[in-house]
Structure formats: structure tokens, C-alpha cells
1. So which trypsin sites (Lys or Arg not before Pro) in the range 55-88 end up in coil per DSSP with only 16 or fewer other C-beta atoms within 10 Å?
2. Residue by residue, what Karplus-based ³J(HN,Hα) values in Hz, rounded to whole numbers, does the range 34-40 have, using 6.51, -1.76 and 1.60 with θ = phi - 60° and x for Gly and Pro?
3. Quote to one decimal, in nm, the extra length available between Asn20 and Met60 on full extension: 0.36 nm per residue of separation minus the C-alpha distance between them.
4. Less than 19 Å apart at the alpha-carbon level, and either on another chain or at least 8 residues along: which lysines does that give for Lys31?
5. I need the phi-derived Karplus couplings for the range 67-83: 6.51 cos²θ - 1.76 cosθ + 1.60, θ = phi - 60°, integer Hz, Gly and Pro marked x.
6. When the chain is fully extended, how far beyond the present Cα-Cα distance does Leu29 get from Arg67, taking 0.36 nm per residue of separation?
7. Computing the accessible area with a 1.4 Å probe over protein heavy atoms, can you report the carbon and sulfur percentage for the chain?
Amino acid sequence: MTTPIPVQKFLAGWADMDWNSHMANTAYLNKVVDARVLMLAQKGFPLEEFIRLRLGVVIMKDELEYRREVKWMDEIGITFAIAGLAPDGSRFKVVNEILNAAGALCARVISTGGFMDLDARKLVAPPPNVLSAYQSLPRTEDFVELPSSIKARN
């Protein structure tokens, strides 16, 4: 990654554990969403603003890679960087890394998504201020420009 990436701190709680006494796969997905929402709030877009704009985030694909166990009451840090973005912002690819207290990589989540107009129930380009917030996120070294999710009308 090319620039320092902020880390959000969390605790692996009781509800995050699975039968094997380590963090469940769904818990990783839930924690990275929390980290993303916190980072966007710090960029000026708290959840309430998305609700006001009637704009939703739609994840079309998640990839989860495990490296080390996370156990109950472990402190974890979660990064948030952008790996790809369409010029109009309608499609994005983001990377979250889950780190243990020593900074070692425990898991990586790569998600591809877009934005949905919550009233029309269709994919849209985000408003300029939301696009600007996404453009200001730290980028991965392998950042790529993605195609738009908006279909051209004939």
C-alpha cells in the first residue's frame, strides 16, 4: 500500500466466535463493515447522511482470506483502502486487512460493490461529495480503474 492506512480498533467479542473457538467467517464480514462505516463517517459521511441521500452500498462480491486465528477478547485492527474505482464512482473495490495486536495479518477481505438508489432500487453513480470521499481514501499499490456499473441507454 502506498500511503499510511488508518486502523480502526475492535475487540473480538463473544458473539464473534464460532464452534472452533475462533472468530467466525461472518464476524469478519461484519467487523469490516463497521470499520468502513467509521472511516466514511470520519470523511464526513456518517450512516445518517447515506440515509438522508437515500443511497445504499451494495456489495456484489466478498473474498475472505485467512492467515491467523483471532480468538475471544483479542484486540484487532482493521484497515480500509480502495483497490479500484470507476471514474463515475458507481463501482468500487475495497480491501480491509484484519491485524492482531502485534500488527500481523490475520485476514484480508476484498469486496466489490456499488451504490444503489434506495427509492429506484437500481445502481447509480454517487453524488459528487460521496465520490470525493471515496477518491480520498488510501489506495492499494495495485489500484485499478474499474468500468462503470451504469448501463448506457440506447
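The values are calculated or read from the model by the stated rules, or taken from the named source; none is laboratory data. Quantities reported herein were computed from a predicted structural model and do not represent experimental measurements. Positions of Cβ are backbone-derived with ideal geometry, glycine not excepted, and every protein chain shown enters the neighbour counts. Protein only, heavy atoms only, side chains kept; ligands, DNA and RNA dropped before computing areas. Shrake-Rupley method; radii C 1.70, N 1.55, O 1.52, S 1.80 Å.
1. Of the trypsin sites (Lys or Arg not before Pro), the ones in loops of the range 55-88 whose Cβ has at most 16 other Cβ atoms within 10 Å are Arg67, Arg68, Lys71.
2. 4, 5, 5, 4, 4, 5, 5
3. Fully extending the segment from Asn20 to Met60 adds 11.6 nm.
4. By straight Cα distance, Lys31 reaches Lys9, Lys43, Lys61, Lys71, Lys93.
5. 10, 9, 5, 10, 10, 4, 6, 6, 7, 10, x, 10, 8, 8, 9, 9, 9
6. 12.2 nm
7. Here carbon and sulfur together make up 54 percent of the probe-accessible area.
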